[in-house]
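The values are calculated or read from the model by the stated rules, or taken from the named source; none is laboratory data. Computed from a prediction, not measured in an experiment: that's the story for all the values here. With ideal geometry, Cβ positions are generated from the backbone for all residues, glycine too; neighbour counts draw on all protein chains shown.
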Amino acid sequence: MTVHIETRDGIALVTIDNPPVNATGLAVRQGLCEAVARTEGDSAVRAVVLACAGRTFIAGADIREFGQPSKPPHLPDVLARIAGARKPWVAAIHGTALGGGLETALSCHYRIATPDAALGLPEVTLGLIPGAGGTVRLPRLIAADHALEMIASGASVPAQRAREMGLIDAITGGDLVSDALAFARAAADRPLPAPLDDRPPRPETAAGAFNAVAAKHTKRARGQRAPLAAIEALRNARTLPVPEALKAERALFQTLRDGVQSKALRHIFFAERAAGRVDRLEGIAPRPLGRVGVVGGGTMGAGIAAACLLAGLSVTMIERDAGAAEAGRARVAGILDGALKRGKLTPDARAARLAAFAARDTYEALADADLVIEAVFENLDVKHAVFAELDRVTRPDTVLASNTSYLDVAAIARATANPARVLGLHFFAPAHIMKLLEIVTPEGVDDSALATGVALAKRLGKIPVIAGVCDGFIANRIMSRYRREAEYMLEDGALPWEIDAAMESYGFPMGIFRMQDLSGLDISWAMRKRRAATRDPAERYVDIGDRLCEAGHFGQKTGRGYYLYGEDGRAQRSTETEALILAESARKGIARQPIPESEIMARLLAAMQDEGARILDEGIARRAADIDVVMVNAFGFPRWKGGPMFAGGA
């Protein structure tokens, strides 16, 4: 049974068993309705404990039901029955209580949790708001501004913080079910507390706190509808009678659920989970993954090393000499220091991670590595030299990986005696933060080596996307294409800040020219120079970026690029860049015409979608959804638009 009931000394233990996350699907809703009816009608039952089997409490709704005809009993009706019960219900929470799970707990009279539990209403991340009373009941239990912050951000809170906020009544010190049963026995001897539906809203923590939180999330929304709907729902909860507020919440929820933004976010949700599933790896075990080597201690190498350390792996970094090795060690230590300051690491954990790290200036230090990741200069000859050394010193079963952004991984692999153990692991900067990992699979790569790359991604908490070998793989190939389209528009009549403004208005966190300035214009310049000998003479080529680099204007790090940067690092319009652009248009005889924002985005999206279609046709990406995952997680394509392929109807 999905929901089963047993009675222990007058306390009914109602257990949901709906693996993997006890989602509130139809069978769960039906079982809970039956549990309310049976416990209310059984005079031997004095109180009820609601618990879940497996690794977690209810972790949300069954998203597979979205887009299908809704079948009763609906969750709001189920929870109304629990809230109206004449016997106290105690929610026993372990793992996570998310979305409909927390709404279920809110319908109970009491909540008890394990110390490591987390509670949240993350519906906004799927373009929704809570639709079963969460926006109405939460602000009747905790301060209004705290409730708005939880719902508008979608962030979870740990058990201790939940206890401080008043979200839960107790944290268990032992066995959860035993403690919950004891709590319920004591509760049965007390008067039944008023359901949250009968309580007034809690005040904000300070005057103006609610409006301050609302203003923050309104500013951050940037076109997203769900955070604004959350603010509206919380305002309703504070001003309308409960029945009207619940009705308004449900109407907002249903409108959002049927809207394109929620459909787009659900598309990305499922696409990210499917990205790492590779049919050819069914039944293939990854190789051991405990000791990782990183060749190169620059910004990318240090980020990769830190990501591995933060995941609990041992790391040895190799640099060309002792001075470079020490500089690399300092970069890694600085990243761990940042994690300490942000509360991501304790002082003891930071010390333990540093103890698992070594920076050396000899390849022999990698003799016992399980996996080695090369992160050196983007030059094929340099990488060949590195892989020849790795082939010499590592075990035959060690997986060798290149972090190349553009180069042919198969060509790199030819520097080894066994190319089957070589693959690409393309991290994105900053490597310890960015969630995407492109796993580049040259023809002939061993299945166990590929499985090890996927296992590493999951160990690091990253989203693995499988890519074939081509210039730029998936991410940088598409980025190069829409960057070229943006450069064409510079000559045709737009200016960098106009193109960037159009992209940011669409929902990108940063426009293409500001992003290039941030990463360094010399990186793409080196790539263009490498390609120059094989470039089609008939291809339209824009020289503006080359002219900037020739003048030493490499972006923010030099104070000049497409933009001008002051001491505070803020981007300002550059009259020098504008003059260069106008001169280039004149030199080529191009009559400049203003380009409206809508046309700018239409041209950029068309470029992304066209290149994506080519990538699919060539088999570089396995499915259109993988391209969307890459664009959302590598370049900030707005999640609520689903990625360029979804937006184009692919």
Residue satisfying condition, being under 29 Å from the mean Cα position of the chain (by Cα), among the small types (Gly, Ala, Ser) and either at pLDDT 95 or above or in a strand (DSSP E or B) (or both), within set Ala105, Ala61: Ala105
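Criterion first (crowded, with 24+ Cβ neighbours inside 10 Å, under 15 Å from Val49 (Cα atoms) and among the hydrophobic types (A, V, I, L, M, F, W, C)) does Ala85 satisfy it?
Numbers: crowded, with 24+ Cβ neighbours inside 10 Å: no; under 15 Å from Val49 (Cα atoms): yes; among the hydrophobic types (A, V, I, L, M, F, W, C): yes.
No: the conditions fail for Ala85.
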Name the pairs whose Cβ atoms lie under 6 Å apart, with the first residue in the stretch 168-193 and under 15 Å from Phe57 (Cβ atoms), the second at pLDDT 95 or above and part of a helix (DSSP H, G or I), and 6 or more positions between them or separate chains? Ile168/Ala162; Ile171/Ala159; Ile171/Arg163; Thr172/Asp179
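Taking the residues in the stretch 403-420 that are assigned to a loop (DSSP other than H, G, I, E, B) and in contact with a strand residue (DSSP E or B) (Cβ under 8 Å, 6 or more places away or on another chain) as candidates, determine which candidate is surrounded by the most Cβ atoms within 10 Å (Cβ to Cβ). Write out each step before concluding.
First, pick out the residues of the stretch 403-420 that are assigned to a loop (DSSP other than H, G, I, E, B): 403-408, 414-418.
If we keep only those that are in contact with a strand residue (DSSP E or B) (Cβ under 8 Å, 6 or more places away or on another chain) too, we end up with 403-405, 416.
Numbers: Asn403: 26, Thr404: 24, Ser405: 22, Thr416: 18.
The selected residue is Asn403.
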All but one of (1) of a type in the set (D, E, K, R); (2) more than 22 Å from the chain's Cα centre (by Cα); (3) in a helix (DSSP H, G or I) hold for Glu504, so report the exception by its number. (2)
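Just a yes or no: is a residue in the stretch 578-600 outside the structural domain of Gly561 (by TED's automatic domain parsing) and within 23 Å of Met510 (Cα to Cα)? Walk me through how you get there before you give the answer.
If we filter the stretch 578-600 for residues that are outside the structural domain of Gly561 (by TED's automatic domain parsing), which is where we start, we get none.
No, because not a single residue in the stretch 578-600 is outside the structural domain of Gly561 (by TED's automatic domain parsing) and within 23 Å of Met510 (Cα to Cα).
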Does Gly612 fit the bill of being of a type outside the set (S, T, N, Q), at pLDDT 95 or above and not assigned by TED's automatic domain parsing to the domain that holds Gly507? no
Can Ile590 be described as more than 30 Å from Gly642 (Cβ to Cβ), surrounded by 11 or more Cβ atoms within 10 Å (Cβ to Cβ), modelled with pLDDT of 95 or more and touching an Asp or Glu at 6+ places or on another chain (Cβ under 7 Å)? yes
Mind checking which pairs have a first residue in the stretch 493-508 that is under 14 Å from Ala579 (Cα atoms) and in the same structural domain as Leu605 (by TED's automatic domain parsing) and a second that is of a type in the set (S, T, N, Q) and outside any loop (DSSP other than H, G, I, E, B), Cβ under 9 Å, 6 or more apart or different chains? Gly493/Ser585; Leu495/Thr577; Pro496/Thr577
Quick one: is Gly552 in contact with a helix residue (DSSP H, G or I) (Cβ under 7 Å, 6 or more places away or on another chain), loosely packed, with under 15 Cβ neighbours inside 10 Å and free of Cβ contacts under 8 Å to residues at least 12 places away in the same chain? yes
On the given criteria, is Ala91 of a type in the set (Gly, Ala, Ser), touching a strand residue (DSSP E or B) at 6+ places or on another chain (Cβ under 8 Å) and assigned to a loop (DSSP other than H, G, I, E, B)? no
Of the listed residues (Gly323, Gly303, Gly298, Gly290), the one being of a type outside the set (Ser, Thr, Tyr) and in contact with a His (Cβ under 7 Å, 6 or more places away or on another chain) is Gly303
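Taking the condition of being within 24 Å of Gly507 (Cβ to Cβ) and at pLDDT 95 or above, how many residues in the stretch 556-570 meet it? Spell out the reasoning first.
Filtering the stretch 556-570 for residues within 24 Å of Gly507 (Cβ to Cβ) gives 556, 561-563, 569-570.
After this cut, where a residue has to be at pLDDT 95 or above as well, the list is 561-563.
Residues in the stretch 556-570 being within 24 Å of Gly507 (Cβ to Cβ) and at pLDDT 95 or above: 3 in total.
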Restricting to the stretch 421-440, count the residues that are surrounded by 20 or more Cβ atoms within 10 Å (Cβ to Cβ), part of a loop (DSSP other than H, G, I, E, B) and out of contact with any Gly (no Cβ under 6 Å at 6 or more places or on another chain). 1
Qualifying positions in the stretch 203-225 - of a type in the set (D, E, K, R) and modelled with pLDDT under 95: Glu204, Lys219, Arg220, Arg222
Residues satisfying the stated conditions in the stretch 443-455, i.e. surrounded by 20 or more Cβ atoms within 10 Å (Cβ to Cβ) and either within 22 Å of Ile627 (Cβ to Cβ) or out of contact with any Leu (no Cβ under 7 Å at 6 or more places or on another chain) (or both): Val445, Leu450, Gly453, Val454
Being outside the structural domain of Ala144 (by TED's automatic domain parsing) and within 18 Å of Ala457 (Cβ to Cβ) narrows Gly296, Gly303 down to just Gly303
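Just need a number here: residues in the stretch 528-556 that are assigned to a loop (DSSP other than H, G, I, E, B), among the aliphatic types (A, V, I, L, M) and over 22 Å from Asp471 (Cα atoms). Step through it out loud before you land on a result.
The initial filter retains those residues of the stretch 528-556 that are assigned to a loop (DSSP other than H, G, I, E, B), namely 535-543, 551-554.
Filter once more, so that each one left must be among the aliphatic types (A, V, I, L, M): 538, 542, 551.
Now narrow it down to the ones that are over 22 Å from Asp471 (Cα atoms): 551.
Counting residues in the stretch 528-556 that are assigned to a loop (DSSP other than H, G, I, E, B), among the aliphatic types (A, V, I, L, M) and over 22 Å from Asp471 (Cα atoms) gives 1.
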